[in-house]
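This report refers to the structure that appears directly beneath it.
The values are calculated or read from the model by the stated rules, or taken from the named source; none is laboratory data. All of these numbers come straight from a predicted model, not from anything done at the bench. All Cβ positions, glycine included, derive from the backbone under ideal geometry; neighbour counts span all protein chains shown. Side chains are part of the model used for accessible areas, which takes the heavy atoms of the whole protein and leaves out ligands, DNA and RNA. Shrake-Rupley method; radii C 1.70, N 1.55, O 1.52, S 1.80 Å.
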Amino acid sequence: ILIPVSIILIGFAVVLDYTMMLFEAPFIFKLAGVMFALAGIYFGGIRFFLDRNKRVNTYYCITSKRVLVISGRKRKLQTLPLKNIERLDLTEEKDGSGFIIFGNTNPLWPWLLGKFIMAGDQVPGLELIPEVKRVYNILEQEIKIEIDPALLQQVNEPKRHGLN
């Protein structure tokens, strides 16, 4: 979605800049044209390089108790205990990569925009994972809660008193 929008934005900015120079418009209008052009260039190309840098500098680790995320050049560590994960949302792309979102968040963010734009670290999850289905299955296995067999027996035992 952003690539066609960026092409339109760049085209609009070029026409706007040409018109502003032709009619000798005030500086603020020329600046607006330059800003539109820069936004179009960012959405059309620069964001791919920034995204690549982010992926190169991000590492995920799933343990039996928590999910560890190490990101950035300064190696910022974030942890999320598995017992706090109430829900997993999986978004899988055609190539098998994708996103796993923890909790109740809008799963359309990564699908629509390609990543969590304007959300920062507010969205807990794993971004741009190759073989996302395999990672999702690992997380599901680790999150499963062990139920005490004695408790299961009490639940499955027919009620002797009252209605069944």
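The rows are residues; the columns are (1) out of contact with any helix residue (DSSP H, G or I) (no Cβ under 6 Å at 6 or more places or on another chain); (2) of a type in the set (A, V, I, L, M); (3) part of a helix (DSSP H, G or I); (4) free of Cβ contacts under 8 Å to residues at least 12 places away in the same chain.
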{"site": "Val34", "(1), (2), (3), (4)": "yes, yes, yes, no"}
{"site": "Phe49", "(1), (2), (3), (4)": "yes, no, yes, yes"}
{"site": "Tyr60", "(1), (2), (3), (4)": "yes, no, no, no"}
{"site": "Leu77", "(1), (2), (3), (4)": "yes, yes, no, yes"}
{"site": "Leu80", "(1), (2), (3), (4)": "yes, yes, no, no"}
{"site": "Asp89", "(1), (2), (3), (4)": "yes, no, no, no"}
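So that you can scan it fast, the table gives a plain yes or no per residue for (1) loosely packed, with under 14 Cβ neighbours inside 10 Å; (2) in contact (Cβ under 8 Å) with a residue 60 or more places away in the chain; (3) under 30 Å from the mean Cα position of the chain (by Cα); (4) in a helix (DSSP H, G or I):
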position: Leu9; (1), (2), (3), (4): no, no, yes, yes
position: Met20; (1), (2), (3), (4): no, no, no, yes
position: Ile28; (1), (2), (3), (4): yes, no, no, yes
position: Gly40; (1), (2), (3), (4): no, no, yes, yes
position: Ile46; (1), (2), (3), (4): yes, no, yes, yes
position: Asn53; (1), (2), (3), (4): yes, no, yes, yes
position: Val69; (1), (2), (3), (4): no, no, yes, no
Note to self: Return the residues of the stretch 118-164 that are at pLDDT below 70, in a helix (DSSP H, G or I) and either open to solvent by 70 Å² or more (accessible area, probe 1.4 Å) or farther than 19 Å from Ile70 by Cβ (or both); say none if nothing qualifies.
What the structure shows: Asp121, Gln122, Leu152
